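Throughout, read-outs are computed from the coordinates displayed, never taken from laboratory work. Quick caveat: nothing in here was measured; it's all calculated off a predicted structure. Here the Cβ positions follow ideal geometry from the backbone for every residue, glycine too, while neighbour counts run over all protein chains shown.
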Amino acid sequence: MDVANLFTTDTDIVAYDWVVLTDPENLIPGQHIVPLVADRRADSTVRRALAELGNVLTTADLTELNRKVDKDKKDPEDVADVADAYAKEKGLTD
């Protein structure tokens, strides 16, 4: 394969040591994670937590989290454990 269209957090990029091309003309817009929360649930605590997460979550972090879930074949109930461990590591939870 010469060129592939992937998300920057795709674990295959690191796994296969692929080169990510730059886009100096900004022809492809950035792809950002946007949390979707029902307005009735988005109280100040939830908003503050999401803002904190947004300040620490990097593309590299998200790629590693994806690897732990996708490549290590975590069960759906283990996904919460992966997220919880990340939150603790980053000081977002106790």
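Which order results if L6, L92, L36 are arranged by neighbouring Cβ count within 10 Å, fewest first?
Values: L6 12, L92 16, L36 5.
The fewest-first ordering by Cβ neighbours comes to L36, L6, L92.
Taking the number of other C-beta atoms within 10 Å as the exposure measure, put D61, D94 in order starting with the fewest.
Values: D61 14, D94 5.
Going from least to most buried by this count: D94, D61.
Counting only C-alpha contacts under 8 Å and six or more residues apart, can you give the relative contact order of the chain as a whole percent?
Working: 33 pairs, mean separation 32.6, N = 94.
For the chain, the relative contact order is 35 percent.
Bin all alpha-carbon pair distances of the chain at 5 Å intervals from 0 and give each bin's fraction as a whole percent.
Cα pair-distance distribution for the chain, in percent: 2, 10, 17, 19, 20, 14, 10, 5, 2, 0.
Between T58, P35, P76, whose Cα lies farthest towards the positive end of the dipole of the stretch 11-89 when Lys and Arg beta carbons carry +1 and Asp and Glu beta carbons carry -1, centred on the Cα centre?
Toward the positive end, the furthest listed residue is P35.
Work out which helices of the chain, taken as complete DSSP H runs, extend at least 15 Å along their axis over the Cα atoms and score a mean Kyte-Doolittle of 0.0 or more, then list them. Show your work: numbers first, answer last.
Values: long enough: 44-56 (18 Å, 0.13); 59-70 (16 Å, -0.85); 76-89 (21 Å, -0.62).
Answer set is 44-56.
At what distance in nm do the modelled label points of T22 and T8 sit from each other, each positioned 7 Å from its Cα along Cα→Cβ?
1.3
Mind checking the dipole of the chain: about its Cα centre, +1 per Lys or Arg Cβ, -1 per Asp or Glu Cβ, Debye to the nearest 20?
Numbers: 11 positive and 20 negative charges, 79 e Å.
The calculation lands at about 380 debye.
So what is the calculated 222 nm ellipticity per residue for the chain, using -39500 (n - 2.57) for each DSSP H run with n of 4 or more, over all residues, to the nearest 500 deg cm²/dmol?
On the way: 4 runs with 44 residues, N = 94.
Rounded to the nearest 500, the figure is -14000 deg cm²/dmol.
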